[in-house]
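Reviewing the structure listed below.
Values in this text are rule-based calculations from the coordinates and carry no lab data. Computed from a prediction, not measured in an experiment: that's the story for all the values here. For neighbour counting, all protein chains shown are included, and Cβ atoms are generated from backbone atoms with ideal geometry for every residue, glycine included.
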Amino acid sequence: MDAQSVTERHLFLFGSIINWFARYERLIAQAMAELAGADYVSVALMTRGLSFEERRRALLSILRHRKVPMDQCDRVSEYLRIPHKLVTLQEEIVHSVWIVNRELNSVQPDWILNLPPTVQPWLAAINGGLVEDEAEKVGSTIDDLTEVVRSLSLNYCLRRLY
């Protein structure tokens, strides 16, 4: 590994985040199949080219189409809020080369050094702009990524309530 490479721990956490998103996507496909009266495999095949956000919107549309009570729709929407807020990170993990920022003891997508003013890194977006130091917005520490995995997994386990 060169000096700019991420560690095995980073790669493990990236893989864990992607795996949790895959679990949410499977759960969405299962719910869509049940609502549509179709089998899971058929729905999974039809939606496999969709992003997480497209799948989420499709599920919420089916819920409204099937006239599911609004409180249940709201609970499903709330359940999917955590992965929805983290989808930018998931996309950055999948589509970016990550490098080490030794100054901040973090990793970041390599393109972020030339960040256009209209693009907001995932950490800034999830904190609602509450991160004061601009440099802190671009990097992800091991603790940040561990917290993302924890949030995704804990929220996923709440599915039994819906």
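Loop-located trypsin sites (Lys or Arg not before Pro) in the stretch 6-74 (DSSP state other than H, G, I, E, B) with a sparse environment of at most 15 neighbouring Cβ atoms within 10 Å: Arg48, Arg66, Lys67. Using only the C-alpha atoms, the convex hull of the stretch 36-108 corresponds to 105 Å³ per residue. The modelled label-to-label distance for the pair Arg23/Gln72, using points 7 Å beyond Cα in the direction of Cβ, is 2.4 nm.
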